[in-house]
1. Just one of (1) within 12 Å of chain A (Cβ to nearest Cβ); (2) open to solvent by less than 70 Å² (accessible area, probe 1.4 Å) trips up B:ALA85, so point out which.
2. Considering the stretch A:34-88 alone, what residues qualify as being outside any strand (DSSP E or B), facing another protein chain (nearest Cβ under 10 Å) and hydrophobic (A, V, I, L, M, F, W, C)?
3. Just checking, does the stretch A:96-104 include any residue being open to solvent by 50 Å² or more (accessible area, probe 1.4 Å) and part of a strand (DSSP E or B)?
4. Search the stretch B:62-79 for residues being surrounded by fewer than 17 Cβ atoms within 10 Å (Cβ to Cβ) and free of Cβ contacts under 8 Å to residues at least 40 places away in the same chain, and hand back the single one that is nearest to the chain's Cα centre (by Cα).
5. Show the residue pairs meeting these rules: Cβ distance below 9 Å; 6+ apart or different chains; first residue within the stretch A:6-25 and free of Cβ contacts under 8 Å to residues at least 60 places away in the same chain; second residue among the small types (Gly, Ala, Ser).
6. How many residues does the stretch B:64-108 contain that are small (Gly, Ala, Ser) and in a loop (DSSP other than H, G, I, E, B)?
7. Could you check, for the stretch A:6-24, whether at least one of its residues is closer than 30 Å to B:SER7 by Cβ, among the hydrophobic types (A, V, I, L, M, F, W, C) and under 11 Å from the mean Cα position of the chain (by Cα)?
Amino acid sequence: NAGVTQTPKFQVLKTGQSMTLQCAQDMNHNSMYWYRQDPGMGLRLIYYSASEGTTDKGEVPNGYNVSRLNKREFSLRLESAAPSQTSVYFCASRQAGTSGVNEQFFGPGTRLTVL
Amino acid sequence: GEDVEQSLFLSVREGDSSVINCTYTDSSSTYLYWYKQEPGAGLQLLTYIFSNMDMKQDQRLTVLLNKKDKHLSLRIADTQTGDSAIYFCAENTDKLIFGTGTRLQVFP
(Lines give C-alpha, C1' and ligand atoms only; values in the text may rest on other atoms or scores of the structure.)
Protein backbone atom coordinates (compact mmCIF):
# COMPACT_ATOMS: atom_id res chain seq x y z
CA ASN A 1 0.00 0.00 0.00
CA ALA A 2 1.24 3.45 -0.90
CA GLY A 3 -0.76 5.14 1.89
CA VAL A 4 -1.40 8.81 1.13
CA THR A 5 0.25 10.22 -1.98
CA GLN A 6 0.47 13.85 -3.04
CA THR A 7 1.52 15.52 -6.27
CA PRO A 8 3.46 17.61 -7.00
CA LYS A 9 6.19 17.62 -4.33
CA PHE A 10 7.29 21.16 -5.19
CA GLN A 11 5.67 23.99 -7.13
CA VAL A 12 6.49 27.61 -7.87
CA LEU A 13 3.69 29.88 -9.07
CA LYS A 14 3.39 33.51 -10.00
CA THR A 15 0.75 35.63 -8.31
CA GLY A 16 -2.60 35.10 -10.03
CA GLN A 17 -1.81 31.69 -11.48
CA SER A 18 -4.01 28.72 -10.66
CA MET A 19 -3.15 25.16 -9.81
CA THR A 20 -4.56 21.97 -8.32
CA LEU A 21 -2.86 19.87 -5.68
CA GLN A 22 -3.70 16.20 -5.97
CA CYS A 23 -4.11 13.71 -3.13
CA ALA A 24 -5.01 10.04 -3.17
CA GLN A 25 -5.24 7.33 -0.51
CA ASP A 26 -5.47 3.57 -0.94
CA MET A 27 -6.61 2.67 2.59
CA ASN A 28 -10.35 2.90 1.90
CA HIS A 29 -10.66 5.74 4.40
CA ASN A 30 -13.85 7.75 4.65
CA SER A 31 -12.41 11.09 5.72
CA MET A 32 -9.80 13.23 4.02
CA TYR A 33 -8.22 16.55 4.97
CA TRP A 34 -6.12 19.38 3.60
CA TYR A 35 -3.82 21.32 5.93
CA ARG A 36 -1.28 24.05 5.50
CA GLN A 37 1.79 24.30 7.68
CA ASP A 38 3.50 27.61 8.34
CA PRO A 39 6.35 28.35 10.77
CA GLY A 40 5.06 28.96 14.29
CA MET A 41 1.46 28.29 13.22
CA GLY A 42 1.34 24.52 13.35
CA LEU A 43 -1.10 22.78 11.06
CA ARG A 44 -4.22 24.66 10.07
CA LEU A 45 -7.13 22.86 8.50
CA ILE A 46 -8.19 24.28 5.13
CA TYR A 47 -10.98 21.92 4.11
CA TYR A 48 -12.06 18.42 4.95
CA SER A 49 -14.33 15.75 3.59
CA ALA A 50 -15.98 13.54 6.19
CA SER A 51 -17.18 11.13 3.53
CA GLU A 52 -17.43 10.79 -0.23
CA GLY A 53 -19.70 13.49 -1.60
CA THR A 54 -19.31 15.93 1.30
CA THR A 55 -16.86 18.76 1.93
CA ASP A 56 -16.65 21.31 4.73
CA LYS A 57 -14.61 24.39 5.48
CA GLY A 58 -11.90 24.25 8.06
CA GLU A 59 -10.10 27.07 9.84
CA VAL A 60 -8.57 28.83 6.79
CA PRO A 61 -10.64 28.10 3.65
CA ASN A 62 -10.43 31.49 1.91
CA GLY A 63 -8.70 31.35 -1.47
CA TYR A 64 -9.13 27.58 -1.82
CA ASN A 65 -11.61 25.12 -3.26
CA VAL A 66 -11.74 21.36 -2.94
CA SER A 67 -13.22 18.40 -4.78
CA ARG A 68 -13.81 14.94 -3.36
CA LEU A 69 -13.63 13.22 -6.71
CA ASN A 70 -14.31 9.74 -5.30
CA LYS A 71 -13.48 7.89 -2.11
CA ARG A 72 -9.78 7.78 -2.97
CA GLU A 73 -9.10 11.29 -4.22
CA PHE A 74 -9.38 14.75 -2.68
CA SER A 75 -7.96 17.71 -4.60
CA LEU A 76 -7.21 21.27 -3.48
CA ARG A 77 -7.42 24.12 -5.97
CA LEU A 78 -5.94 27.60 -5.80
CA GLU A 79 -7.85 29.70 -8.33
CA SER A 80 -5.67 32.81 -8.12
CA ALA A 81 -2.54 32.22 -6.08
CA ALA A 82 -1.28 34.88 -3.69
CA PRO A 83 2.09 35.16 -1.87
CA SER A 84 0.24 34.53 1.42
CA GLN A 85 -0.48 31.02 0.15
CA THR A 86 3.22 30.15 0.15
CA SER A 87 3.27 27.19 2.51
CA VAL A 88 3.67 23.44 2.83
CA TYR A 89 0.41 21.63 2.13
CA PHE A 90 -0.43 18.27 3.64
CA CYS A 91 -3.19 15.89 2.76
CA ALA A 92 -4.35 13.33 5.31
CA SER A 93 -6.94 10.61 5.66
CA ARG A 94 -8.51 8.53 8.42
CA GLN A 95 -11.21 5.96 8.87
CA ALA A 96 -13.57 8.21 10.81
CA GLY A 97 -16.86 7.02 12.19
CA THR A 98 -15.47 3.94 13.91
CA SER A 99 -14.52 3.46 17.51
CA GLY A 100 -10.88 3.18 18.37
CA VAL A 101 -7.73 5.18 17.97
CA ASN A 102 -8.69 6.60 14.59
CA GLU A 103 -5.17 7.41 13.45
CA GLN A 104 -4.79 10.07 10.80
CA PHE A 105 -2.31 9.27 8.00
CA PHE A 106 -0.41 12.03 6.24
CA GLY A 107 1.04 12.44 2.80
CA PRO A 108 4.62 13.71 2.29
CA GLY A 109 3.52 17.28 1.56
CA THR A 110 3.67 19.77 -1.30
CA ARG A 111 5.96 22.76 -0.90
CA LEU A 112 4.37 25.70 -2.72
CA THR A 113 6.00 29.06 -3.34
CA VAL A 114 4.01 31.95 -4.79
CA LEU A 115 6.12 34.79 -6.15
CA GLY B 1 -13.26 27.83 20.67
CA GLU B 2 -10.88 25.04 19.81
CA ASP B 3 -7.32 25.86 20.71
CA VAL B 4 -4.45 23.50 21.43
CA GLU B 5 -1.31 25.18 22.71
CA GLN B 6 2.31 24.13 22.95
CA SER B 7 5.60 25.85 23.50
CA LEU B 8 7.51 26.30 20.25
CA PHE B 9 11.00 25.09 21.13
CA LEU B 10 12.79 22.68 23.43
CA SER B 11 16.50 21.98 23.49
CA VAL B 12 17.97 19.06 25.46
CA ARG B 13 21.27 17.26 25.79
CA GLU B 14 21.56 13.74 24.41
CA GLY B 15 20.78 11.21 27.15
CA ASP B 16 18.60 13.59 29.17
CA SER B 17 14.81 13.40 29.39
CA SER B 18 12.61 15.68 27.31
CA VAL B 19 9.19 16.84 28.43
CA ILE B 20 6.86 18.42 25.90
CA ASN B 21 3.70 20.03 27.23
CA CYS B 22 0.31 20.74 25.69
CA THR B 23 -2.95 22.29 26.83
CA TYR B 24 -6.20 21.55 25.05
CA THR B 25 -9.75 22.80 25.31
CA ASP B 26 -12.23 20.10 24.32
CA SER B 27 -12.99 17.96 27.36
CA SER B 28 -15.08 15.59 25.22
CA SER B 29 -12.07 14.32 23.26
CA THR B 30 -12.04 10.54 23.39
CA TYR B 31 -8.38 10.23 22.54
CA LEU B 32 -5.45 12.62 22.69
CA TYR B 33 -2.52 12.11 20.40
CA TRP B 34 1.13 12.88 19.91
CA TYR B 35 2.38 13.09 16.34
CA LYS B 36 6.00 13.38 15.22
CA GLN B 37 7.20 15.21 12.12
CA GLU B 38 10.72 14.57 10.92
CA PRO B 39 12.40 17.08 8.58
CA GLY B 40 10.84 17.17 5.11
CA ALA B 41 8.15 14.63 5.95
CA GLY B 42 4.51 14.44 6.93
CA LEU B 43 3.28 13.73 10.44
CA GLN B 44 3.22 10.23 11.89
CA LEU B 45 1.33 9.03 14.93
CA LEU B 46 3.79 8.52 17.77
CA THR B 47 1.50 7.57 20.62
CA TYR B 48 -1.94 8.28 22.04
CA ILE B 49 -3.87 8.08 25.28
CA PHE B 50 -7.49 7.25 25.92
CA SER B 51 -9.24 10.01 27.83
CA ASN B 52 -10.08 7.84 30.85
CA MET B 53 -6.39 7.11 31.48
CA ASP B 54 -3.93 9.19 33.49
CA MET B 55 -0.75 7.71 32.14
CA LYS B 56 0.50 5.54 29.33
CA GLN B 57 4.01 4.18 28.95
CA ASP B 58 5.42 2.90 25.69
CA GLN B 59 9.16 2.07 25.82
CA ARG B 60 10.95 5.43 26.16
CA LEU B 61 7.71 7.41 25.90
CA THR B 62 5.44 8.35 28.81
CA VAL B 63 2.22 10.25 28.24
CA LEU B 64 0.57 11.99 31.19
CA LEU B 65 -2.97 13.32 31.06
CA ASN B 66 -4.50 15.72 33.58
CA LYS B 67 -8.13 16.04 32.54
CA LYS B 68 -8.99 18.53 35.25
CA ASP B 69 -6.41 21.01 33.94
CA LYS B 70 -6.72 19.84 30.29
CA HIS B 71 -2.99 19.27 30.24
CA LEU B 72 -1.14 16.62 28.26
CA SER B 73 2.57 15.90 28.34
CA LEU B 74 5.01 13.66 26.49
CA ARG B 75 8.18 12.54 28.22
CA ILE B 76 10.97 11.02 26.17
CA ALA B 77 13.54 9.19 28.30
CA ASP B 78 17.20 8.97 27.23
CA THR B 79 16.65 11.42 24.37
CA GLN B 80 18.64 10.62 21.23
CA THR B 81 19.65 12.76 18.24
CA GLY B 82 17.12 10.77 16.18
CA ASP B 83 14.38 12.23 18.39
CA SER B 84 15.02 15.68 16.92
CA ALA B 85 11.76 16.58 15.22
CA ILE B 86 8.60 18.63 15.65
CA TYR B 87 6.07 17.11 18.04
CA PHE B 88 2.37 17.91 17.75
CA CYS B 89 -0.34 17.15 20.26
CA ALA B 90 -3.86 16.78 18.92
CA GLU B 91 -7.34 16.44 20.34
CA ASN B 92 -10.05 14.41 18.70
CA THR B 93 -13.38 16.00 17.83
CA ASP B 94 -15.10 15.27 14.51
CA LYS B 95 -11.71 16.30 13.14
CA LEU B 96 -8.29 16.42 14.71
CA ILE B 97 -7.22 19.77 16.14
CA PHE B 98 -3.45 20.10 16.21
CA GLY B 99 -1.30 22.22 18.43
CA THR B 100 1.31 24.59 17.07
CA GLY B 101 4.05 21.99 17.40
CA THR B 102 7.18 21.90 19.58
CA ARG B 103 10.52 21.71 17.83
CA LEU B 104 12.80 19.42 19.84
CA GLN B 105 16.51 19.88 19.27
CA VAL B 106 18.89 17.33 20.77
CA PHE B 107 22.53 18.31 21.10
CA PRO B 108 25.50 16.08 21.96
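The values are calculated or read from the model by the stated rules, or taken from the named source; none is laboratory data. The model shown is predicted, which means the values in this text are computed figures rather than measured ones. Cβ: placed from backbone, ideal geometry, glycine included. Neighbour counts: every protein chain shown. Heavy atoms of the whole protein, side chains included, go into the accessibility calculation; ligands, DNA and RNA do not. Shrake-Rupley method; radii C 1.70, N 1.55, O 1.52, S 1.80 Å.
1. With respect to (1) within 12 Å of chain A (Cβ to nearest Cβ); (2) open to solvent by less than 70 Å² (accessible area, probe 1.4 Å), B:ALA85 is out only on (1).
2. Passing the criteria: A:MET41, A:ALA50.
3. For the stretch A:96-104, residues open to solvent by 50 Å² or more (accessible area, probe 1.4 Å) and part of a strand (DSSP E or B): absent.
4. So, considering only residues that are surrounded by fewer than 17 Cβ atoms within 10 Å (Cβ to Cβ) and free of Cβ contacts under 8 Å to residues at least 40 places away in the same chain, the one nearest to the chain's Cα centre (by Cα) is B:ASN66.
5. A:THR20/A:SER67; A:THR20/A:SER75; A:GLN22/A:SER75; A:ALA24/A:ALA2; A:ALA24/A:GLY107
6. 4
7. So far as the stretch A:6-24 goes, no, none of its residues is closer than 30 Å to B:SER7 by Cβ, among the hydrophobic types (A, V, I, L, M, F, W, C) and under 11 Å from the mean Cα position of the chain (by Cα).
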